[in-house]
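Undergrad: Before anything else, here's the structure in question.
The values are calculated or read from the model by the stated rules, or taken from the named source; none is laboratory data. Fair warning: this is a prediction, and the values are worked out from it, not measured in the lab. So basically every Cβ, Gly included, is an ideal-geometry build from the backbone, and we count neighbours across all protein chains shown.
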Amino acid sequence: MTRPVTARVPAKVNVQLAVGGLRPDGFHDLANVFLAVGLHDEVTAAPADTLRLTVEGADAGQVPLDRTNLAARAALALAERHGIAPGVHLHIVKDIPVAGGMAGGSADAAGALLACDALWGTKATRAELLEICAELGSDIPFSLVGGAALGRGRGELLTPLETGGTFHWVFAVAEGGLSTPAVYRECDRLREASGAGASSADVPDPEPSPALLEALRAGDATALAAAVSNDLQPAALSLRPALADTLRAGADAGALASLVSGSGPTCAFLAKDAEGARAVADELAASGTCRAVRITSGPVPGARLVDAAPGARLVDG
């Protein structure tokens with residue numbers, strides 16, 4: 001394929017993020033329940049003599065344009081595996097908040113893999129793409145798969161989860177980002193300061209909530225709201241105390257649940273239905289506690305090619 005090809009990839013929200021203790025290798029075991037939601041980045045791969053990256057859209061100026069970018073690293077990894085030169089121009093159109101705890105960089109990596117595979121004709125299997133994703137980052141496999149899934153290990157070992165309906169969300173975008181490694185370090189520091197300890201020997205193994213999994217299966221927003229949790233939220237609030245005002249504003253606006261999304265600083269609010277989401281969004285926008293407000297729903301499919309006619313290739317089947 002020599003014409004440009006575009007992949008569309010969703011954001012995620014963690015409806016449960018249970019974090020184990022610090023392992024000797026510097027990572028944490030997770031029980032990470034992902035839900036893909038309808039905010040998307042698009043990654044277009046076009047023929048080029050060398051690897052080049054351009055970005056447009058929300059917060060594009062915050063996205064690195066060198067080979068530290070996850071999308072660039074994904075293209076390099078695929079090219080190396082197949083013994084080809086990584087000649088490609090990757091153009092990313094951002095709609096997922098940057099450094100917002102919604103896996104925007106991971107989405108771009110998954111999109112770059114799928115688009116480059118189509119552009120170069122490498123015909124990578126789904127298993128190979130997922131293996132590359134896991135090598136690049138903990139959230140990237142889910143960006144490829146989408147839907148709902150439980151992530152174990154560092155989050156990269158996925159088990160698809162059944163969902164019984166659509167869940168309606170409002171996201172409050174904060175000013176600036178938060179570094180995921182910094183939030184994990186703060187989580188460890190807070191655990192040490194509490195006297196409980198932060199190592200994998202001190203912290204119980206993380207497990208998914210049975211009540212939460214059942215709420216997803218049933219499509220019950222009220223039950224899901226009672227079960228959502230994020231072990232990184234205290235750390236995100238410690239580093240960015242103003243997020244407490246955002247969470248309070250969403251709760252006061254009638255959200256069923258209010259939580260920091262992943263490592264933050266984006267805050268997620270679960271609503272009863274589409275009308276409830278609009279009401280929460282309106283009040284949040286007027287509260288002055290966030291930079292922008294987005295309304296969407298999930299689950300949605302993972303990475304897919306959007307310019308492959310007729311119909312897109314769905315990675316998650």
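Undergrad: If ARG217 passes every condition in (1) closer than 14 Å to GLY100 by Cα; (2) surrounded by fewer than 20 Cβ atoms within 10 Å (Cβ to Cβ) but one, which one does it miss?
TA: So the condition that ARG217 fails would be (1).
Undergrad: Collect the residues in segment 77-86 that are out of contact with any Leu (no Cβ under 7 Å at 6 or more places or on another chain) and either part of a helix (DSSP H, G or I) or closer than 16 Å to PRO47 by Cα (or both), keeping them in residue-number order.
TA: ALA79, GLU80, ARG81, ILE84, ALA85
Undergrad: Are any of the residues in segment 7-30 under 28 Å from ARG185 (Cα atoms), small (Gly, Ala, Ser), surrounded by fewer than 24 Cβ atoms within 10 Å (Cβ to Cβ) and modelled with pLDDT under 95?
TA: Checked against the condition, which is being under 28 Å from ARG185 (Cα atoms), small (Gly, Ala, Ser), surrounded by fewer than 24 Cβ atoms within 10 Å (Cβ to Cβ) and modelled with pLDDT under 95, segment 7-30 yields at least one hit.
Undergrad: Pairs only if they're at least six apart or on different chains, beta carbon under 7 angstrom, first in segment 242-267 and farther than 16 Å from GLU283 by Cα, second of a type in the set (S, T, N, Q); list them, first residue then second.
TA: Here the result reads LEU259/ASN230; LEU259/GLN233; VAL260/ASN230; VAL260/GLN233; SER261/ASN14; GLY262/ASN14; SER263/THR180, each pair linking segment 242-267 to a residue that is of a type in the set (S, T, N, Q).
Undergrad: Does GLY197 satisfy the condition of being out of contact with any Pro (no Cβ under 7 Å at 6 or more places or on another chain), small (Gly, Ala, Ser) and either surrounded by fewer than 23 Cβ atoms within 10 Å (Cβ to Cβ) or assigned by TED's automatic domain parsing to the domain that holds VAL98 (or both)?
TA: Details: out of contact with any Pro (no Cβ under 7 Å at 6 or more places or on another chain): yes; small (Gly, Ala, Ser): yes; either surrounded by fewer than 23 Cβ atoms within 10 Å (Cβ to Cβ) or assigned by TED's automatic domain parsing to the domain that holds VAL98 (or both): yes.
In short, yes.
Undergrad: For segment 202-260, how many residues meet the condition of being over 19 Å from VAL293 (Cα atoms) and hydroxyl-bearing (Ser, Thr, Tyr)?
TA: Looking only at that region, the number is 4.
Undergrad: Within segment 172-194, restricting attention to residues that are of a type in the set (A, V, I, L, M, F, W, C) and more than 23 Å from LEU150 (Cα to Cα), which residue is surrounded by the fewest Cβ atoms within 10 Å (Cβ to Cβ)?
TA: Here the answer is ALA193.
Undergrad: Being closer than 19 Å to PRO97 by Cβ, touching a helix residue (DSSP H, G or I) at 6+ places or on another chain (Cβ under 7 Å) and part of a helix (DSSP H, G or I) narrows it down to one residue among GLY264, GLY250; which is it?
TA: Values: GLY264 fails: part of a helix (DSSP H, G or I).
The unique qualifying residue is GLY250.
Undergrad: Only one of these is in contact with an Asp or Glu (Cβ under 9 Å, 6 or more places away or on another chain) and either in contact (Cβ under 8 Å) with a residue 60 or more places away in the chain or not hydrophobic (A, V, I, L, M, F, W, C) (or both): ASP41, ASP49, ASP66. Name it.
TA: Going through ASP41, ASP49, ASP66 in turn, just one is in contact with an Asp or Glu (Cβ under 9 Å, 6 or more places away or on another chain) and either in contact (Cβ under 8 Å) with a residue 60 or more places away in the chain or not hydrophobic (A, V, I, L, M, F, W, C) (or both): ASP41.
Undergrad: Taking ILE140 and the conditions (1) within 21 Å of LEU232 (Cβ to Cβ); (2) among the β-branched types (Val, Ile, Thr); (3) more than 10 Å from the chain's Cα centre (by Cα), which numbered condition does it fall short on, given that it satisfies the others?
TA: Checking ILE140 against (1) within 21 Å of LEU232 (Cβ to Cβ); (2) among the β-branched types (Val, Ile, Thr); (3) more than 10 Å from the chain's Cα centre (by Cα), the one that fails is (3).
Undergrad: Out of the residues in segment 220-236 meeting the condition of being surrounded by fewer than 19 Cβ atoms within 10 Å (Cβ to Cβ) and not hydroxyl-bearing (Ser, Thr, Tyr), tell me which one is nearest to the chain's Cα centre (by Cα).
TA: Taking segment 220-236 first, the residues surrounded by fewer than 19 Cβ atoms within 10 Å (Cβ to Cβ) are 220, 222-223, 226, 229, 234.
From what is left, the residues that are not hydroxyl-bearing (Ser, Thr, Tyr) are 220, 223, 226, 234.
Values: ASP220: 22, ALA223: 23, ALA226: 22, PRO234: 19 Å.
Of everything passing the filter in segment 220-236, PRO234 is nearest to the chain's Cα centre (by Cα).
Undergrad: I'd like to check which helices (runs of 4 or more DSSP H) are fully inside segment 118-216 and have at least 1 residues that are modelled with pLDDT under 95, closer than 30 Å to LEU284 by Cβ and among the hydroxyl-bearing types (Ser, Thr, Tyr).
TA: Qualifying helices (runs of 4 or more DSSP H): 180-194.
Undergrad: Condition (residue is farther than 28 Å from ASP95 by Cα and outside the structural domain of VAL37 (by TED's automatic domain parsing)) applied to segment 228-243: is it met by at least one residue?
TA: Checked segment 228-243: no residue is farther than 28 Å from ASP95 by Cα and outside the structural domain of VAL37 (by TED's automatic domain parsing).
Undergrad: Which of the residues spanning segment 87-112 are in contact with a helix residue (DSSP H, G or I) (Cβ under 7 Å, 6 or more places away or on another chain), closer than 21 Å to GLN16 by Cβ and in a loop (DSSP other than H, G, I, E, B)?
TA: Matches in segment 87-112: ILE96, PRO97, ALA103.
Undergrad: May I ask you to list pairs of residues, at least six apart or on different chains, whose Cβ atoms are under 9 Å apart, with the first in segment 202-217 being not assigned by TED's automatic domain parsing to the domain that holds LEU158 and the second being among the basic types (Lys, Arg) and crowded, with 19+ Cβ neighbours inside 10 Å?
TA: That search, which allows pairs on different chains as well, returns ASP202/ARG191; VAL203/ARG191.
Undergrad: Kindly indicate whether LEU259 is within 18 Å of ALA31 (Cβ to Cβ), assigned to a strand (DSSP E or B) and under 21 Å from the mean Cα position of the chain (by Cα).
TA: Yes: the conditions hold for LEU259.
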